[in-house]
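Structure, as structure tokens:
Values quoted throughout were computed directly from the atomic coordinates according to the rules given, and no laboratory measurement underlies them. As the structure is a prediction and not an experimental result, all values here were calculated from the model. Virtual Cβ from ideal backbone geometry, glycine too; neighbours counted across all protein chains shown.
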Amino acid sequence: MTKMASRFIIILQMFAGSKRTAFVRTSLIFLLLAAFGRVASEDEGTFQEARIELRASVDETQLPQNETTTLTITLKWFGSQDDFEIEPLSPPSMDNLRIVSSSSSVETKLDEGKQVTLRKYEFTLRGESQGVATIGRVQVNYRHTETGESSFLETQPIQLEITPATSPKGLKFGLLPLIVVIAIVAVISIFMINRAVVSKRETPPTSALEVLPPTLEERLLEKVREIESGLGDLTAEELYGRVRSIALDYLEEKHELAARSSTTADVVAEFEQKNLPEGVSGSLKRVLEACDEVRFGFKESSREEKKEILSLLREVLEPEG
């Protein structure tokens with residue numbers, strides 16, 4: 001634009017001595033104003049592509065071997081959730097660390113009057129042994145839905161230090177206070193036992209059905225019925241999160257597996273080794289894998305698929321016959 005103005009000034013100087021200088025100057029001024037207007041119009045129509053940012057962080061860079069830290073990977077962009085298509089995220093590579101659990105979420109909110117979308121992936125990590133630990137690079141591939149352009153973002157490696165395991169808190173008592181606590185607990189236990197025996201003698205007998213508490217399967221089936229009754233009100237992440245929790249409770253209480261402190265692959269390997277009934281083992285595997293696919297954003301879930309997963313969970317929990 002500066003070059004164009006310079007050319008007009010040179011032309012005006014060339015016509016300085018002419019009899020028609022006033023007319024020429026006036027015409028050139030109008031042309032100059034028109035050119036400025038056209039350039040300004042072009043500038044106003046320029047498209048500015050929305051930005052997308054990637055950030056990775058951990059709660060603690062130094063942690064004892066018997067404790068955990070959380071790795072949070074956050075994608076942020078100005079606009080709605082539909083502005084970008086994000087490919088499924090693969091768990092980062094780990095050195096001297098293992099993933100205990102994981103989750104994902106997405107939300108859109110207003111920040112100073114602007115719409116901002118945040119997609120988060122969280123991984124709970126535990127150290128394998130004392131020393132240096134490393135979280136590898138994480139690559140996120142995305143596509144801008146309006147322009148169709150695809151690209152990727154990548155985090156930098158994160159280094160942690162695994163320190164010796166800490167002693168459980170709350171056990172640093174002296175010998176005398178410990179003896180006093182044990183004595184108090186013993187007295188209370190004896191009192192409660194005597195009271196229960198007396199109460200049992202004085203209470204008239206009741207039917208066995210009234211005395212027996214609900215079984216594990218009955219309790220978990222009640223939770224399944226609650227999910228089915230509110231199927232239309234639950235998001236996919238909420239529904240599959242509750243389904244996964246029910247399946248893990250069943251494995252921990254029924255088959256004594258450390259399900260909540262292990263990855264899905266480890267849990268499946270453990271209950272397959274325990275030689276569970278073939279139908280139960282296959283159904284649980286399908287339920288847990290379906291939950292991971294939705295939680296990590298690998299796929300969407302239709303209403304029919306949700307009902308199918310709930311049906312598989314019912315088959316595991318309902319007694320035979």
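At-a-glance table
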{"read-out": "Residue-by-residue Karplus 3J(HN,Hα) for segment 124-130, coefficients 6.51, -1.76, 1.60, Hz, glycine and proline x", "value": "8, 10, 10, x, 7, 8, 5"}
{"read-out": "Average silhouette area of segment 214-317, convex hull of alpha-carbon atoms, in square nanometres", "value": "6.2"}
{"read-out": "Aspartates and glutamates whose Cα lies under 12 Å from that of Lys299, excluding same-chain neighbours fewer than 8 positions away", "value": "Glu87, Glu237, Glu289"}
{"read-out": "Footprinting exposure proxy for His255, His144 (fewest neighbouring C-beta atoms within 10 Å first)", "value": "His255, His144"}
{"read-out": "Least to most buried among Phe78, Phe123, Phe84 (fewest other Cβ within 10 Å first)", "value": "Phe78, Phe84, Phe123"}
